[in-house]
1. Does D70 count as among the charged types (D, E, K, R) and touching a helix residue (DSSP H, G or I) at 6+ places or on another chain (Cβ under 7 Å)?
2. Among the residues of region 60-87, which ones are on the phi < 0 side of the Ramachandran plot and in a loop (DSSP other than H, G, I, E, B)?
3. Of the residues that sit in region 56-80 and are within 18 Å of K28 (Cα to Cα) and of a type in the set (S, T, Y), which one is surrounded by the most Cβ atoms within 10 Å (Cβ to Cβ)?
4. From the residues in region 40-55 that are exposed (fewer than 10 other Cβ atoms within 10 Å of the Cβ) and assigned to a helix (DSSP H, G or I), which one is farthest from the chain's Cα centre (by Cα)?
Amino acid sequence: MTKIEKELEELREKVDKIDERIVQILNKRADIVLKIRKLKAEGALPVYDPRREEAIFEKISALNSGPLYDDAVREIYETILHCMKDLEQ
């Protein structure tokens with residue numbers, strides 16, 4: 001194995017570990033979203049809150065230090081939120 005191949009393998013292993021953590025965290029988030037949905041139902045509150053969604057987008061933009069552009073992070077979160085909404089239904 002060449003030096004480059006070894007380095008590629010090590011970097012890919014790191015990416016795989018990060019992917020594993022991302023999936024775990026997304027599922028933890030989904031569990032919390034389901035609890036929020038249950039509380040909202042008990043309180044007869046609307047499931048969708050556009051102000052909360054916009055606050056999430058603002059927060060993630062403030063947290064983003066790159067190299068991803070804010071637009072890319074927002075697009076990722078739009079997909080996450082869409083999937084969470086589907087889970088809530």
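1. Taking the combined requirement at face value, the residue satisfies it.
2. Initial filter on region 60-87 (on the phi < 0 side of the Ramachandran plot): 60-65, 67-87.
Correct list: N64, S65, P67, L68, Y69.
3. Y77
4. For region 40-55, the residue satisfying everything is E42.
Every read-out reported here was derived from the displayed coordinates using simple, explicitly stated rules and does not represent laboratory data. Please read these numbers as outputs of a predicted model, since none were measured by experiment. Every residue, glycine as well, gets a Cβ built from its backbone with ideal geometry; the counts of neighbours run over all protein chains shown.
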